[in-house]
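Notes for the one structure printed next.
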Amino acid sequence: MKKVLTILFLFISLSSAQNNAPLVTLARTEVYKITSTYNNVTYPIFVSLPSSYYSTDKNYPVVYMLDAYSSFGIVSQTAKLLAFNNELPELIIVGISSEGGSKEFNYNRARDYTPTFIQPENLPASSRSMVPASGGAGKFLDFIEKELIPFAESNYRINKNDRTLIGHSLGGLFVTFTLFEKPQLFSRYVMISPALFWDNNYILKLEKNFSEHEKSLNAIVYTSVGSLEESQFLETWKEFTGSLKQHKYSGLKLKAEISESETHYTIIPHLATRGLNSVFKP
């Protein structure tokens, strides 16, 4: 458990060089800051626009991605390349980032992406400083639904009937939580290496309870886990996807696969290369 939690919360910190070199800017990317009234947190929001955005008047599908602090460049630039090669439609990508550095990033994602609160003393000692707060997924989902989505749809030409949510690790946990809490909020869901073992497999219990009341789940879902990941990722993922298949929800289009020779970090580009590519296939 200690090693698994270390994998979840430790990300490489990239610090800018202390010189006068200009900062790199991603083309057609705009940045905002939104302070949520639901949790009083300020979120930097990165918006990547399609190459054709300013030369057309059409509306575009939108992808909301978590962990933009670490993965926005990978996902947005890969999506542009795939669109250039007609493997994806052109997309507007809205990345939810974090203020501060890697320490704050780890703290914020632990708070926002977890659906239940765990007392820090019940965590391994090495993880307690990284997870002083948890259980904020409900308020974070309120922020996305009631503040971020209206902001994006009022400022950009977005197809309001074609929203996608993607996330990795704890982000994948939050995407899965959203699938059962607000299944109509998004059309497509991508969960890469979701941390489904959080709080004694809470998500598996949530899905079981959902199946007892609902027989349909109108969503296109892609999920994967790396074959070289820790057993807790693999085993809970297998149990979860098996349960989805067993319940045979009408309207659910599911693709679940184990990605051979991938670790918890090498699989991150699958957010776009496998995930978006899968959920946007005709």
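Nothing in this text is a laboratory measurement; each read-out follows from the coordinates by a stated rule. Source: prediction; values computed, not measured. We place every Cβ from the backbone using ideal geometry, glycine too, and count neighbours over all the protein chains shown.
Listing 191, 65 from fewest to most neighbouring C-beta atoms within 10 Å gives 65, 191.
Between 210, 140, 72, the residue with the greatest mean-square fluctuation in the GNM of the chain (Cα pairs under 10 Å linked by springs) is 210. Find which of 198, 98, 237 sits farthest along the positive direction of the dipole of the chain, computed with +1 on the beta-carbon of Lys and Arg, -1 on that of Asp and Glu, about the Cα centre. Sorting the options by dipole projection puts first 237.
Legend: ranking of residues 46, 151, 84 from fewest to most surrounding C-beta atoms inside 10 Å; resulting order 84, 151, 46. Rounded to the nearest 20 debye, the dipole magnitude of the chain is 280 debye, with +1 charges on Lys and Arg beta carbons, -1 on Asp and Glu beta carbons, and the Cα centre as origin. The string of couplings for region 54-65 from the Karplus curve (6.51, -1.76, 1.60, θ = phi - 60°) is 8, 10, 9, 10, 7, 8, 10, x, 10, 10, 9, 10 Hz, one whole number per residue in order, with x for Gly and Pro. Toward the positive end of the charge dipole of the chain, with +1 on the Cβ of Lys and Arg and -1 on the Cβ of Asp and Glu, the farthest Cα among 266, 107, 222 is that of 222. In region 26-279, the DSSP beta bridges split such that about 30 percent are antiparallel, to the nearest 5.
Estimated at 0.36 nm per residue, the fully extended path between residue 210 and residue 27 surpasses their Cα-Cα distance by 61.7 nm. Dipole check for region 155-282: with +1 at the C-beta of Lys and Arg, -1 at the C-beta of Asp and Glu, and the Cα centre as origin, the magnitude is about 720 Debye.
Counted by Cβ distance under 13 Å from residue 205, the other residues give a net charge of -3, where Lys and Arg count +1 and Asp and Glu count -1.
The phi-based Karplus calculation (6.51 cos²θ - 1.76 cosθ + 1.60; θ = phi - 60°) puts the 3J(HN,Hα) values of region 22-38 at x, 6, 6, 10, 7, 4, 6, 10, 10, 10, 9, 10, 10, 9, 6, 7, 8 Hz, whole numbers, x for Gly and Pro.
For region 184-273, the list of trypsin sites (Lys or Arg not before Pro) that fall in a loop by DSSP and count at most 16 other C-beta atoms within 10 angstrom reads 215, 248.
Taking amide hydrogens as placed 1.01 Å from N in the peptide plane, the amide H of residue 254 sits under 5 Å from those of 221, each at least 5 positions away in sequence or on another chain. Between the labelled values (1) 1.12; (2) 0.91; (3) 0.97, the entry that holds Cα Rg over 2.2 N^0.38 Å as derived from this structure is (3). Close amide H partners of residue 64, meaning residues 5 or more places away or on another chain with modelled amide H under 5 Å apart, are 94, 164, 165, 166.
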